[in-house]
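Asker: Sharing a structure here in structure tokens format.
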Amino acid sequence: MRLTLPSLALGLLICQGALAGDGTTAIGGGLGGVLGNVVGQQIGGSTGAAIGAGVGGAAGSAVGARKGNRTEAALGGGLGSAGGSLIGGRLGGSTGSTVGAGLGGAAGGAIGNHLGDNDGGGKKKRRHRHHR
């Protein structure tokens, strides 16, 4: 636990700097992934940690994203957190799992939010346009 918080803070700073503009989504996905991972570890071991990280990363990314990008950010944050939790668990045990979930959630949420800004490959988002 002593190494978890400094590693998380460093990872969030790196991800936020790399994807400037998507920082709120990155922070939400990272923190959600870490919290979900810790709760999941207590309840169901490594499988519970991965599921908790995915749900937490998705929720945190969706809360941090802009209104039109929430679905993409949630998908990115959830997949990034779950994948980071599994990879980190293989490399560094429970601490690695927590750090991986935070970094994966931050990166995945920011990338998903960024892809949502590009209108998903050319789709136009028209919302209740009023004509005069």
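Asker: Calculate the FRET efficiency for Val39 and Leu115 from the Cβ-Cβ distance with a Förster distance of 22 Å, rounded to the nearest 0.05.
Answerer: Between Val39 and Leu115 the formula returns 0.20.
Asker: Give a residue-ordered list of calculated ³J(HN,Hα) values for the stretch 82-91 (Karplus: 6.51 cos²θ - 1.76 cosθ + 1.60, θ = phi - 60°; whole Hz; x for Gly, Pro).
Answerer: Residue by residue, the stretch 82-91 yields 5, x, x, 5, 5, 5, x, x, 5, 8 Hz.
Asker: Sticking with this structure for a sec: Students often check this: by mean Cβ neighbours within 10 Å, which of 41-48, 101-108, 64-71 ranks highest, and how do the rest follow?
Answerer: Ranking the peptides 41-48, 101-108, 64-71 by packing returns 101-108, 64-71, 41-48.
Asker: I would also like to ask the following. Could you give the length gained on full extension between Leu91 and Lys67, defined as 0.36 nm per residue of separation minus the Cα-Cα distance, in nm?
Answerer: Separation in residues times 0.36 nm, less the Cα-Cα distance, equals 5.0 nm.
Just so you know, all these numbers are worked out from the coordinates, no wet-lab data involved. Since the structure is predicted, the reported quantities are computational estimates derived from the model, not experimental observations. All Cβ positions, even for glycine, are placed from backbone atoms using ideal geometry, and neighbour counts span all protein chains on display.
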